[in-house]
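Peer 1: So that we are looking at the same thing, I have put the structure below in structure tokens.
The values are calculated or read from the model by the stated rules, or taken from the named source; none is laboratory data. As the structure is a prediction and not an experimental result, all values here were calculated from the model. Methodologically, a virtual Cβ is constructed for each residue, glycine included, from the backbone with ideal geometry; neighbour enumeration extends over all protein chains shown.
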Amino acid sequence: MGIGKQMWRSVWNQFATPQVTEEELRETLHKARQRLPVPVFWLLGKAQSGKTSLIRALTGNTRAEIGNGLRPCTKTATEYAFPNDEECLLRFLDTRGLGEVSYDASEDLKFFQDQAHLLIIVVKAMDHAQGAVLDAVRQIHQAHPQWPVLVVQTCLHEGYAPPTKPHDIPYPYGETPFPPQVSMDLARSLMKQRETFESLGIQARYVAVDFTLPEDGYDPVEYGLPELWTAIEELVPLGLRAMMAEAEEAHASLRDLHYKAALPHILSYAVAAGAAAAIPVPFVDMPVVLGIQAKMCHTIASIYHQELNGQRLGEILSGLGMGYLVGRLGSRELLKFIPVLGSTVSSLYSAATTYALGMTLCYYFSRIQNGGLPGKEEFQKIFAAQFDEGQAKLKEYLTKLRKPAG
């Protein structure tokens, strides 16, 4: 009992007044990220080909958010980190100006050579003036023939006959030859583009999409997104789709902008905690993991415009229960006594615990805003369910990133 109280006091102190400084935490996170690199998607395509729409569809971020997050990284490329550069889960590299000026991929190749996990070529379905894109693809593919290549054919509605024709349901572009309901000119154009890429000797995966705005009148507005995710997961099986997806039924009560904004931060802190917990020495990483969790809690509180003071923190931790929380922390550290496998399992355990804590905090703030407060039993039930979900979401991502493609 004395050890339990001592550990509880340590947990409380770490959350209330973290013993890890901001500088130490940043340095630890930097080292953790080096051990667990972030997946990178290199986008190639002409201006207005649909690259920003593709990022928006995959991340759920708005055009404005993406525009504000883009930053130059070479003379001809910009970088977009999701959800942000400090808490990055997925990085997009966008080469600019293809088709507008002469492009030499040498500088970008030098900068990206150890980063790109997937080369995504974005072309409008009815656009065959792709000389600059093909030249760039040829140069990159010769330098890195092992990189998986995905060709995304966009703006399908520009080839519909008549133009007001609705999307074909079910999705017909996963098989060739295309079924007869696909407009003839569109089918010819899609196949001609694919033949052009194949003539370069590139074994690419192809997917056709149409990402529009609600006012454009096409339904669904993200047509082909499930097929795009399937293609990505086949080429780079990191479990990204499952990790970034929301559980519709479980999170029905959290359908608000606060939760949408908080989710990518929860995921990134969970990954960071998992990376930090990979240190194979029991109890050495606990202050760092608790520091990461405390930082996450403050981030979520700021998103919900709530103050995370001692009283609020006490309600949350006491709601989870001293024995409940301490038991989970102790179990995680004891796993490390199992050589090799122990630190791997402990890493996932820390990630899932951090995910569950973040999601439970979202439930807490959501209930506070609606004038209620979950009881201790409900708190623990929510935490347990989110812990299981966190394990399922993060397992593949954490495991596969230790052996990045390419």
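Peer 1: For the list (1) in contact (Cβ under 8 Å) with a residue 24 or more places away in the chain; (2) farther than 30 Å from Leu109 by Cα; (3) surrounded by 16 or more Cβ atoms within 10 Å (Cβ to Cβ), I need the number of the one condition that Ala161 fails.
Peer 2: Among (1) in contact (Cβ under 8 Å) with a residue 24 or more places away in the chain; (2) farther than 30 Å from Leu109 by Cα; (3) surrounded by 16 or more Cβ atoms within 10 Å (Cβ to Cβ), the lone unmet condition for Ala161 is (3).
Peer 1: Conditions: (1) out of contact with any Ser or Thr (no Cβ under 8 Å at 6 or more places or on another chain); (2) modelled with pLDDT under 90. Lys51 meets all but one. Number of the miss?
Peer 2: Condition (2) is where Lys51 drops out.
Peer 1: Moving on. For residues that are modelled with pLDDT under 90 and farther than 17 Å from Ala204 by Cβ, tally how many sit in region 106-127.
Peer 2: Residues meeting the conditions: 10.
Peer 1: Name the pairs: first residue in region 51-62 and in the same structural domain as Ile232 (by TED's automatic domain parsing) and touching a residue at least 24 places away in the same chain (Cβ under 8 Å), second residue surrounded by 19 or more Cβ atoms within 10 Å (Cβ to Cβ) and of a type in the set (Phe, Trp, Tyr), Cβ to Cβ under 6 Å, at least 6 apart or on different chains?
Peer 2: Ser53/Phe211; Ile55/Phe92; Ala57/Phe211; Thr59/Phe82
Peer 1: Moving to a separate point now. Kindly list the number of the only condition in (1) modelled with pLDDT of 60 or more; (2) more than 24 Å from the chain's Cα centre (by Cα); (3) surrounded by 13 or more Cβ atoms within 10 Å (Cβ to Cβ); (4) assigned to a helix (DSSP H, G or I) that fails for Val20.
Peer 2: (4) is the only condition that Val20 fails.
Peer 1: Then there's this: Checking the structure you have, find out if any residue of region 32-50 is in a helix (DSSP H, G or I), buried (at least 21 other Cβ atoms within 10 Å of the Cβ), of a type outside the set (Ser, Thr, Tyr) and out of contact with any Leu (no Cβ under 9 Å at 6 or more places or on another chain). It would help to see each step written out before you state the result.
Peer 2: Start the filter on region 32-50 by keeping residues that are in a helix (DSSP H, G or I), which leaves 32-35.
Filter again for buried (at least 21 other Cβ atoms within 10 Å of the Cβ), leaving 32.
Those still in the list that are of a type outside the set (Ser, Thr, Tyr) too: 32.
Those still in the list that are out of contact with any Leu (no Cβ under 9 Å at 6 or more places or on another chain) too: 32.
There is at least one residue in region 32-50 that is in a helix (DSSP H, G or I), buried (at least 21 other Cβ atoms within 10 Å of the Cβ), of a type outside the set (Ser, Thr, Tyr) and out of contact with any Leu (no Cβ under 9 Å at 6 or more places or on another chain).
Peer 1: So, one more: Residue by residue through region 194-222, note down the ones that are of a type in the set (Ser, Thr, Tyr) and assigned to a loop (DSSP other than H, G, I, E, B). First the steps, then the outcome.
Peer 2: Residues of region 194-222 of a type in the set (Ser, Thr, Tyr): 196, 199, 206, 212, 218.
Within region 194-222, Ser199, Thr212, Tyr218 qualify.
Peer 1: Tell me, please, whether a residue that is farther than 17 Å from Thr399 by Cβ, at pLDDT 85 or above and of a type in the set (Ser, Thr, Tyr) can be found in region 315-322.
Peer 2: no
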